[in-house]
Structure formats: structure tokens, C-alpha cells
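Working notes, beginning with the structure itself.
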Amino acid sequence: MDLGIKGRRAIVCASSKGLGRACAISLANEGVHVTLTARGAEALSQTANEIRKANPGVSVMEVVGDITTPAGRDAVLKACPEPDILINNANGPPAGDFRNWTRADWVNALDANMLTPIEMIKATVDGMMTRKFGRIINITSSSVKAPTSRDLSNGARTGLTGFIAGIARRTVINNVTINSLLPGIFNTDRLRGSDVLMEAEKRGISVDELVAEHGKSIPAGRVGDPEELGILCAFLCGANAGFITGQNILLDGGAFPGTL
Ligand code: NAP
């Protein structure tokens, strides 16, 4: 299917690895010029080079910086001042008991998972509305639909979701849609992070075995492949997806047990 977005320009935040990377790859496969961001230069260059190799007609820009800071956001907006597509993504907040979080912990989580996407939207949405095309996708979490043990994530991401619910109904008149993707458990570096490594070590099994075990608790019998989220992201950015806005789409292999 041709999504009709060849030649469009996208900012894909936090995209050297994992879900952001998968979104960048899917968009580039559709002929979209992509500006990628990450704090670490090495993995960013590696992903950018892979995309260039697979899509020689597509321009791929790399911006090293922390997207949750004003300087990081300014740098990416300088590299791509008039994006047609914005994918909001950043590091998720750490796990833990809310009794242990300080005000600074809350401010950090709100900065990364609520205020940064809002700032990026603020900087780009009016231009999209004037040009009569815009697609904004926020990578949030299944915690928006059903709370997890990550108290900071439950709070910050739901705050963003409430904000989006309002503005997505006001931008669509100019063909600017705003939707969120809610990942359940996906096989990314984040999933394979220190908690999983420690648990695998403690139990004397490999990380792959532990990830497979996590997958067995999901109706699909497996964890998600980032490519699956990337493909849906590109679809929602398509020229013909202009009637879908303000939606929160769960990708969790059936883990959420509700009827609706
Ligand atoms: P990942 O595999 O660890 O990849 C994270 C990517 O974002 C890397 O490229 C990282 O590069 C970049 N990044 C992180 N913080 C950044 C920042 N402040 N500024 C710029 N780039 C940044 O993580 P993931 O699994 O794709 O997760 C992406 C988001 O989805 C997170 O918010 C996570 O909480 C959420 N999520 C993931 C899952 C899952 O199962 N994977 C489930 C629910 C929600 P650098 O480290 O070099 O900056």
C-alpha cells in the first residue's frame, strides 16, 4: 500500500533504538525524509546509516541531544524546522514506589513524558495547520489504559493523554491529526535492561528465555516486535489517515482484558 507521504519530512524523537527506531525505519521505507534524535551519537549514526543504505532517496539527519531539554528540542527543530510528521518519544520513567519519589523525580517524569511532547507540538502544529497537513504520533504506554506498577509513568503519560484528547479535536479541521500508540511489552533494549538482566542472572536463565517467559503471559504468546509498532505508526501518518484523530491505540497482544 502506498501511504502517499513520499517526500514528506518527519522528526522522530528518541529514535536510535527500539520503538522510535522502528517508526523511523517504517517512515523512511515510505520515502519520508527523517530527522533522528538520541543522546548517544554512536547508535544514532548506526541507525541513520542503516536507513540511508536501505533508502538511498531519503535524507536522514542525525541530531545528538536530550529531547527532554530546551537545547535538545531547539537543535532538532533547527535541523527540521517545518516537519509534516512528528513522532514524540523519550525515555520512560523508572519503576518504584511513589513513596520514594521526590518532587524532582515527578518533574523529571513530567518533563520527559508530558511536557516535552507538548513543547514539540507547540513548536510545530501551527505550521502544519497552515500547510494543511500534519501527523503527530505520541509513543506512550499501555499504562494509559490500565495502570502498571510504574507510578510515575501512570501519572505523567495520562496527563499527556488528557491534553491530546482536547487539541486533537481542534487541529483536525486543518488535516492535522494527533494520535497515541500504547505499547504493551515490546522486545527492545529497554525491555532487556538492567532489571531483566539481574532477574535472568538470579534465576540462571538467559535473557531470551526470560523474555519468552514474559511473552507466555500475553494472549498472543509472545512479546511485540518493534517493527509491528513502526508499521502502524507509518499507517497513521499516511495521507489517507486524516479521519483518525485523538485515538489511543493499544498494541499489547491482547493483554488488556477489557471488552472495550
Ligand atoms: P529503548 O529501546 O531503550 O530505546 C530508547 C531510544 O530513545 C534510544 O534510541 C535512546 O537513545 C533514545 N532516548 C531515550 N531518552 C532520550 C532522550 N531524553 N533524548 C533523546 N533520545 C532519547 O526504549 P523503547 O523500548 O523503544 O521505549 C521507548 C518508549 O516507549 C519509552 O518511553 C518507554 O517507556 C515506552 N514503552 C516501552 C515499552 C516496551 O515494552 N519496550 C512498553 C511501554 C512503553 P539514547 O539513550 O542514546 O538517548
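Where a number appears in this text, it was derived from the coordinates with a stated rule and is not lab data. In this text, all values refer to a predicted model and were calculated from it rather than measured experimentally. Ideal geometry is used to build each Cβ from the backbone, glycine not excepted, and the neighbour counts take in all protein chains shown.
Nothing charged except the Cβ atoms of Lys and Arg (+1) and of Asp and Glu (-1): what's the magnitude of the dipole of the chain about its Cα centre? Round to the nearest 20 debye. Write out the running numbers ahead of the final one.
Working: 27 positive and 26 negative charges, 136 e Å.
Roughly 660 debye for the chain.
Using a Cα-Cα cut-off of under 16 Å, which aspartates and glutamates could be cross-linked to residue 17, ignoring same-chain neighbours fewer than 8 residues away?
Here the aspartates and glutamates satisfying the reach criterion relative to residue 17 are 42, 50, 62, 66, 189, 225, 227, 228.
Percent of alpha carbon pairs in the chain separated by more than 31 Å?
22 percent
When a footprinting reagent is the concern and you count Cβ atoms within 10 Å, what order do 58, 12 take, fewest first?
Ordered from fewest to most neighbouring Cβ atoms within 10 Å, 58, 12 come out as 58, 12.
Would you work out the relative contact order for the range 70-197, in percent, from Cα pairs under 8 angstrom that are 6 or more residues apart?
Values: 151 pairs, mean separation 38.4, N = 128.
The value is 30 percent.
Compute the acute angle (0 to 90°) between the alpha-carbon long axis of helix 116-131 and the principal axis of greatest extent of the alpha-carbon atoms of the chain; round to the nearest 10°.
In the chain, helix 116-131 runs at an angle near 30 degrees to the longest axis.
Arranged by the count of other C-beta atoms within 10 angstrom, fewest first, what order do 176, 125 take?
125, 176
Convert each backbone phi in the range 194-207 into a coupling constant with the Karplus relation 6.51 cos²θ - 1.76 cosθ + 1.60 (shift: θ = phi - 60°), then list the ³J(HN,Hα) values in order as whole Hz, x for Gly and Pro.
Each residue of the range 194-207 in turn: 4, 4, 5, 4, 5, 5, 4, 4, 4, 8, x, 10, 7, 4 Hz.
Could you name the aspartates and glutamates whose alpha carbon sits less than 13 Å from that of residue 216, not counting residues in the same chain fewer than 8 places away?
Those aspartates and glutamates meeting the cut-off are 208, 252.
Can you list the equivalent-ellipsoid semi-axes of the range 4-54, largest first and in whole Å, using the square root of 5 times each Cα gyration tensor eigenvalue?
Sorted largest first and rounded, they come to 18, 11, 9 Å.
Angle, helix 18-29 long axis vs. longest principal axis of the chain, Cα atoms, 0 to 90°, nearest 10?
30 degrees
Near residue 122, which aspartates and glutamates are there with a Cα under 15 Å away, not counting those fewer than 8 places off in the same chain?
Here the aspartates and glutamates satisfying the reach criterion relative to residue 122 are 74, 82, 84, 111.
What value, in deg cm²/dmol to 500, does the helix sum -39500 (n - 2.57) over DSSP H runs of n ≥ 4 give at 222 nm once divided by the residues of the chain?
-13500 deg cm²/dmol
Just rank 214, 33, fewest to most, by other beta-carbon atoms within 10 angstrom.
Going from least to most buried by this count: 214, 33.
Of the options 101, 226, 243, report the single residue whose Cα projects farthest towards the positive end of the charge dipole of the range 95-244 (beta-carbon charges: Lys, Arg +1; Asp, Glu -1).
Going by the charge dipole, the pick is 243.
Rounded to two decimals, what is Rg over Rh for the range 204-245 when you use alpha-carbon atoms and the Kirkwood radius?
Computed over Cα atoms, the ratio is 1.25.
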